[in-house]
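> Here it is: the structure, laid out below.
No value in this document is a laboratory result; all are computed from the given coordinates. Just so we're clear, the structure is a prediction, and the values are computed from it rather than from any experiment. Don't worry about glycine lacking a Cβ; one is built from the backbone with ideal geometry, like all the others, and counts go over all protein chains shown.
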């Protein structure tokens, strides 16, 4: 993961990087911990889109299109439709 983060860090200055207390709060809201590699990625790079293809949902994002909490139900619903 470190090599990936070092390589991707050329993407620019990160924005909306959650603090540890924010991650703790997100875990309480979700009722589960988020994966450590995801937290490391978002804490290092913040909110954003990679190559207009890979959208990184961030629970701290002020952009509703990139906020994990506002997008989770929509994404889960789409995945359920596709899996049926």
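> Please find, in a Gaussian network model of the chain (springs between Cα atoms separated by less than 10 Å), the residue of 54, 66, 34 whose mean-square fluctuation is greatest.
54
> Where is the GNM fluctuation largest for the chain (alpha-carbon springs, 10 angstrom cutoff): 43, 61, 21?
With Cα springs under 10 Å in the chain, the top fluctuation among 43, 61, 21 is at 21.
> Could you list 73, 52 in order of exposure, starting from the residue whose Cβ has the fewest other Cβ atoms within 10 Å?
52, 73
> Quick check: pseudo-label points 7 Å beyond the Cα along Cα→Cβ at residue 51 and residue 37, how many nm apart are they?
The answer from the label model is 1.8 nm.
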